[in-house]
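A.B. asks: This structure is in structure tokens; I'll ask about it shortly.
Every number here is computed from the coordinates shown, using simple stated rules; none is lab data. The model shown is predicted, which means the values in this text are computed figures rather than measured ones. Don't worry about glycine lacking a Cβ; one is built from the backbone with ideal geometry, like all the others, and counts go over all protein chains shown.
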Amino acid sequence: MKIAGLRWWIGALLFLATLISYIDRLTLSVLAPLICRDLGLSNLEYAGIGTWFLLTYSFGQTFFGKLQDRIGTRFGLALAMCIWSIAEIAHAVARSLASLSFVRAALGLGEGGHWPAAIKSVAEWFPAQERAFAMGIVNTGATLGSALAPPLIVWLQFRFGWQMTFVATGLLGFVWLALWLVVYRLPTEHKWIAPRELSHILAGQREPQAAAPRIPWTKLLKMPEVQGIVVARFFGDPVWWLYLIWLPLYLHDARGFSLKSIGLSAWIPYVAADTGALLGGWTSGYLVRLGWQAHRARGAAIVFAALLAPVGMLVGRVSSPVSAMALISVVLFAFQFWVNNVQTLPSDLFSSSLVASISGLAGTGAGVGAMIFTFSTGWVVDHLGYAPVLVASGLLVPIGTILLFLLLRRARNERPVPI
């Protein structure tokens, strides 16, 4: 049996994994007004729970990235899905700050294995001119999952209670896992791939998939282009996590939204983010098809998004909730446009055998930056309100972009030929 366009079915599976991961991680965020009230948590204590997730999520990406370069994405992503789905279900029995922090840390560890595997799978299954768009599809799972989560989770909570909501969302991962283990193989090993599609994929690969040089993390981190990608994610990703973790509480505390109103409206900015993910991938892919070098096409898309992101500085200054939601939507559109292209850079600059390791390091940098910003947000909100946080967040993507380009320029001067 041969399946036409099998690589797009692989992309669809990666999209679903991303969607599930974001529904799982947002369950706590959407229910935060209720859970914080029931457990008597302050903003700083809630920030601490998010920080535990980000701590294990950050270093889980580096761990799983290296592991997946060794054992492959099929079993590497399956292991990650098992860990995070069990942890999601375990939220149902958490009854204290300590137990909630523990299961949140376990969820972060498992979800840390998702992005290195997704980026490596895209590098394995798609030629260069299609990778950014494929990553856009995978990233759409993050934005669509974030859009679906508020109404779905609020509905489940009103129908079954918050404990069973965690059980229901956790079970989604095991359904996906069965499909993944049946479907996923490398293109060169897959019995369902047509010869024409295999030739199309391999023609766009930088090297044969069998090659697998071993380069330690310490050596990778000495490369300026790796430093640039890691630093860009360190500064840029806290913008996404700010809204992912704090948007429901911000709407509740600063804008007076009820839990029902959050469920009805908090999905809107993520639809804009969904558009940004797809359009960002399509834009740089279109430029590649016009004859641009891949890294220059990604760079043009990155600059456009970085110029748009600072509108986030105005979110706290507008009086209308509708205007605030519109500005947040622009910010998340810009971020997904930006990060989709930054995430594609490892597959443009390095051989496929290094992509998961470098993506894992970048994910760790992103997580550490988000962890610092998230915990700081808890203290600032308790003492000064949301306004300083929103202003600071508007500067982060431009700063990350400037540092990325400076380090990429240094890399070209030191080593003009990619490895």
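A.B. asks: Taking the Kirkwood radius as the inverse of the mean 1/r across Cα pairs, report the Rg/Rh of region 61-100. Before the final figure, lay out the partial values.
C.D. replies: Working: Rg = 13.4 Å, Rh = 11.5 Å.
With Rg and the Kirkwood Rh in hand, the quotient comes to 1.17.
A.B. asks: Would you compute the Debye intensity of region 259-404 from its alpha-carbon atoms alone, equal scatterers and no solvent, and pass along log10 I(q)/I(0) at q = 0.09, 0.11, 0.18 Å⁻¹ to two decimals?
C.D. replies: Log10 of I(q)/I(0), two decimals: -0.33, -0.48, -1.15.
A.B. asks: Separation between the residue 155 and residue 86 pseudo-spin-labels, each 7 Å from Cα along Cα→Cβ, expressed in nm?
C.D. replies: Distance between the two pseudo-spin positions: 3.1 nm.
A.B. asks: If you take every residue apart from residue 405 with its C-beta less than 12 Å away from the C-beta of residue 405, what net charge results, scoring Lys and Arg +1 and Asp and Glu -1?
C.D. replies: On the way: positive: 296, 298, 409, 410, 412; negative: 225.
Net of charged neighbours comes to +4.
A.B. asks: Still on this structure, I have one more. If you split all Cα-Cα distances of region 48-135 into 10 Å bins from zero, what percentages do you get per bin, shortest first?
C.D. replies: With 10 Å bins starting at 0, P(r) equals 19, 40, 27, 11, 2.
A.B. asks: Could you list the residues of region 1-43 with an amide nitrogen less than 13 Å from a label point located 7 Å from the Cα of residue 192 in the Cα-to-C-beta direction?
C.D. replies: 1-14
A.B. asks: Picking from 177, 235, 166, whose Cα lies most toward the positive end of the charge dipole for region 135-280 (charges on Cβ: Lys, Arg +1; Asp, Glu -1)?
C.D. replies: Working it through, the farthest residue towards the positive pole turns out to be 177.
A.B. asks: Which of 71, 153, 328 moves most in a GNM of the chain, Cα contacts under 10 Å?
C.D. replies: Highest fluctuation of the listed residues: 71.
A.B. asks: Under 19 Å Cα to Cα from residue 120, which lysines show up? Leave out anything in the same chain fewer than 8 places away.
C.D. replies: 66
A.B. asks: Please report the relative contact order for the chain, taking Cα pairs under 8 Å with a sequence separation of at least 6, and give it as a percent rounded to a whole number. Let's see the in-between values first.
C.D. replies: Numbers: 778 pairs, mean separation 117.2, N = 419.
Answer for the chain is 28 percent.
A.B. asks: Take the Cβ-Cβ distance between residue 405 and residue 39 as r, set R0 to 41 Å, and report the resulting FRET efficiency rounded to the nearest 0.05. Before the final figure, lay out each step's value.
C.D. replies: Working: r = 44 Å, r/R0 = 1.08.
So the FRET efficiency works out to roughly 0.40.
A.B. asks: Another question about this same structure. Enumerate the helices in the chain for which the Kyte-Doolittle hydropathy averages 0.0 or more and the C-alpha atoms extend at least 24 Å along the helix's axis, using complete DSSP H runs. If you can, show how the numbers build up before the last one.
C.D. replies: On the way: long enough: 6-30 (35 Å, 1.27); 43-71 (40 Å, 0.11); 73-90 (25 Å, 1.37); 128-160 (46 Å, 0.70); 162-183 (33 Å, 1.75); 224-253 (43 Å, 0.65); 268-289 (32 Å, 0.58); 321-349 (42 Å, 1.09); 352-384 (47 Å, 1.08); 387-414 (42 Å, 1.22).
Helices passing the filter in the chain: 6-30, 43-71, 73-90, 128-160, 162-183, 224-253, 268-289, 321-349, 352-384, 387-414.
A.B. asks: If I stretch the segment between residue 70 and residue 222 completely, what's the gain in nm (0.36 nm per residue apart, minus their alpha carbon distance), one decimal?
C.D. replies: Numbers: separation 152, 0.36 × 152 = 54.72 nm, distance 2.12 nm.
Contour length minus the Cα-Cα distance gives 52.6 nm.
A.B. asks: Using unit Cβ charges (K, R positive; D, E negative) and no other charged atoms, how large, in debye to the nearest 20, is the dipole of the chain about its Cα centre?
C.D. replies: Values: 30 positive and 18 negative charges, 165 e Å.
Magnitude of the dipole: close to 800 debye.
A.B. asks: Along the Cα→Cβ direction, 7 angstrom out, place labels at residue 96 and residue 372. What is the inter-label distance in nm?
C.D. replies: Placing both labels 7 Å along Cα→Cβ, they lie 3.2 nm apart.
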